[in-house]
1. Pull up the DSSP beta bridges for segment 3-99 and report the antiparallel fraction as a percent, rounded to 5.
2. Please report the Cα spread of segment 3-99 along all three principal axes, rounded to whole Å, starting with the longest.
3. What ranking do 66-74, 31-39 get when scored by the average of other Cβ atoms within 10 Å per residue, highest first?
4. At a Förster radius of 25 Å, what calculated FRET efficiency corresponds to the Cβ-Cβ distance of S21 and H104, to the nearest 0.05?
5. Starting from the 7 Å offset along Cα-to-Cβ, what nm value, one decimal, do you get for the label separation of N2 and A35?
6. What distance in nm lies between label points placed 7 Å from Cα along the C-beta direction at K13 and H58?
Amino acid sequence: MNYWNSKFNQFNKKHWNGKLSTIKVIVRDLSGEGAEGLYHYPHEDNKALIEIEKSLPHHHKKNILLHEMCHHAVEELYEERPYHCHGKLWKEQMKKVGFKGKIHSTRGRYKTRNY
């Protein structure tokens, strides 16, 4: 298991008591996507997946992982479909895991340097 999948498991246990199904986490160049992170929700034959931009500082990658895990939590815990984007339930999950301030798709303060 790679570092980021282990970090997913750690955050899952801490914030969701291990209730989320484990999904693959990939760190790669997302510059062509215009995103720092992506959550691919499960559909048809595709499994859920999280992708994180590889050029980000380490602590920022952890923030992005939590952000994307909040999408996964909404998908799994509330089964809100079609894809919920950055709605009310997602914002509630973001606050639950410790993001502060005004939360929207690209904003929410969280310090994970010592996480």
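1. Working: 5 of 10 bridges.
Around 50 percent antiparallel, to the nearest 5.
2. 32, 30, 23 Å, listed from the longest principal axis down.
3. With the highest mean Cβ count within 10 Å placed first, the list reads 66-74, 31-39.
4. Working: r = 26 Å, r/R0 = 1.05.
Rounded to the nearest 0.05, the efficiency is 0.45.
5. If labels sit at N2 and A35, their model points lie 1.7 nm apart.
6. 2.0 nm
The numbers here are math on the coordinates, done by the rules we state, and not lab data. Since the structure is predicted, the reported quantities are computational estimates derived from the model, not experimental observations. Virtual Cβ from ideal backbone geometry, glycine too; neighbours counted across all protein chains shown.
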